[in-house]
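Colleague: Take this structure, written in structure tokens, and hold onto it; I'll ask about it next.
The values are calculated or read from the model by the stated rules, or taken from the named source; none is laboratory data. Everything numeric here is computed off the predicted structure, so don't read it as measured data. Every residue, glycine among them, receives a Cβ derived from its backbone with ideal geometry; neighbour counts consider all protein chains shown.
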Amino acid sequence: QKEVEQNSGPLSVPEGAIASLNCTYSDRGSQSFFWYRQYSGKSPELIMSIYSNGDKEDGRFTAQLNKASQYVSLLIRDSQPSDSATYLCAVSAGNQFYFGTGTSLTVIP
Amino acid sequence: DVKVTQSSRYLVKRTGEKVFLECVQDMDHENMFWYRQDPGLGLRLIYFSYDVKMKEKGDIPEGYSVSREKKERFSLILESASTNQTSMYLCASQNSGAYEQYFGPGTRLTVT
């Protein structure tokens, strides 16, 4: 069983819509949860960190964590064409760090 | 801001050559990592290090070795490059504990 699972997509949303990206993880001891954005040909860039249950908002981005369901999500409001990228979910338990394979998002103008 | 730099953005090497990829971070992070990324396979961990002169094998260490002589520098070595090592190589650093990893810009290596 993979440690971190994401839908590979591709996910397409119209400009201005809400994009919803989901991630599940298997290690109940996981403590920290991250979302990275990766543009084609570039390296992953950290966009959100979340450590406790609930929602965390940063501009147009909201991360949601539910440890009981072992589920973390990323919502992107008012999606822009510049949000088109692959989004990687990452989970950390102590010094163990696991990445999902990423969800490709396309925002259609 | 955390800065992780890698020695080359693009590199072309011949089969059998010894290849050195260097990574330097400026945030005094204890942990450093080398990944490779291939289409459809995601990030795969090659080696990591939690301290100077320490190294641990990741998921795909075969054909690679590493060196960490100084805290800020972590080198990946391809002892005898092969075409199946053509890939994007990503270095990352992390403060000790369950913290975020920061990535360098990556090195696109082509072995011909």
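Colleague: If I ask for residues that are away from chain B (no Cβ under 14 Å) and among the hydrophobic types (A, V, I, L, M, F, W, C), which ones from the stretch A:42-62 would you list? Write out each step before concluding.
Modeller: From the stretch A:42-62, those away from chain B (no Cβ under 14 Å) are A:53-55, A:57, A:59-62; that's our starting set.
Within the stretch A:42-62, A:F61 is the sole residue that qualifies.
Colleague: Out of everything in the stretch A:26-36 that is of a type outside the set (F, W, Y) and more than 15 Å from B:A92 (Cβ to Cβ), what residue ends up being nearest to the other protein chains (Cβ to nearest Cβ)? Lay out the reasoning, then the answer.
Modeller: Kept after step one, since they are of a type outside the set (F, W, Y), are these residues of the stretch A:26-36: A:26-32.
Checking the rest, the ones that are also more than 15 Å from B:A92 (Cβ to Cβ) come to A:26-31.
Values: A:S26: 16, A:D27: 11, A:R28: 14, A:G29: 10, A:S30: 8, A:Q31: 4 Å.
Only one residue fits best here, namely A:Q31.
Colleague: Further question: Name the residues in the stretch A:50-90 that are over 10 Å from the mean Cα position of the chain (by Cα) and touching a residue at least 60 places away in the same chain (Cβ under 8 Å), would you?
Modeller: Answer for the stretch A:50-90, where residues must be over 10 Å from the mean Cα position of the chain (by Cα) and touching a residue at least 60 places away in the same chain (Cβ under 8 Å): A:D78, A:S79, A:Q80, A:P81, A:D83.
Colleague: Please indicate, with yes or no, whether at least one residue in the stretch A:63-86 is under 29 Å from B:R9 (Cβ atoms), in a loop (DSSP other than H, G, I, E, B), at pLDDT 95 or above and more than 9 Å from chain B (Cβ to nearest Cβ). Walk me through it before giving the result.
Modeller: Here is the first cut: in the stretch A:63-86, the ones under 29 Å from B:R9 (Cβ atoms) are A:74, A:76, A:80-86.
Now drop any that are not in a loop (DSSP other than H, G, I, E, B), which leaves A:80, A:84.
Those left that are additionally at pLDDT 95 or above: A:80, A:84.
If we keep only those that are more than 9 Å from chain B (Cβ to nearest Cβ) too, we end up with A:80, A:84.
Checked the stretch A:63-86: at least one residue is under 29 Å from B:R9 (Cβ atoms), in a loop (DSSP other than H, G, I, E, B), at pLDDT 95 or above and more than 9 Å from chain B (Cβ to nearest Cβ).
Colleague: Go through (1) within 10 Å of another protein chain (Cβ to nearest Cβ); (2) of a type in the set (S, T, Y); (3) out of contact with any Asp or Glu (no Cβ under 9 Å at 6 or more places or on another chain) and name the single condition B:Y50 misses.
Modeller: Tallying (1) within 10 Å of another protein chain (Cβ to nearest Cβ); (2) of a type in the set (S, T, Y); (3) out of contact with any Asp or Glu (no Cβ under 9 Å at 6 or more places or on another chain), B:Y50 fails exactly one: (3).
Colleague: Spot the failing condition for B:C23; the list is (1) farther than 21 Å from A:S40 by Cβ; (2) touching a strand residue (DSSP E or B) at 6+ places or on another chain (Cβ under 7 Å); (3) within 12 Å of another protein chain (Cβ to nearest Cβ); (4) modelled with pLDDT under 95, and only one is missed.
Modeller: Condition not satisfied by B:C23: (4).
Colleague: Oh, and also: Got at least one residue in the stretch A:5-13 being loosely packed, with under 12 Cβ neighbours inside 10 Å and in a loop (DSSP other than H, G, I, E, B)?
Modeller: Just the residues of the stretch A:5-13 that are loosely packed, with under 12 Cβ neighbours inside 10 Å, to begin with: A:10.
Cutting the leftovers down to in a loop (DSSP other than H, G, I, E, B) gives us A:10.
Taking every residue of the stretch A:5-13 in turn, at least one turns out to be loosely packed, with under 12 Cβ neighbours inside 10 Å and in a loop (DSSP other than H, G, I, E, B).
Colleague: A follow-up question, please. What is the number of the single condition among (1) surrounded by 15 or more Cβ atoms within 10 Å (Cβ to Cβ); (2) over 11 Å from the mean Cα position of the chain (by Cα) that A:P109 does not meet?
Modeller: Just one mismatch for A:P109, condition (1).
Colleague: Would you check which residues across the stretch B:6-46 are hydroxyl-bearing (S, T, Y), more than 30 Å from A:P10 (Cα to Cα) and surrounded by 13 or more Cβ atoms within 10 Å (Cβ to Cβ) and list them?
Modeller: Restricting attention to the stretch B:6-46, the residues satisfying the condition of being hydroxyl-bearing (S, T, Y) are B:7-8, B:10, B:15, B:35.
From what's left, more than 30 Å from A:P10 (Cα to Cα): B:7-8, B:15.
Residues satisfying the conditions are B:S7, B:S8.
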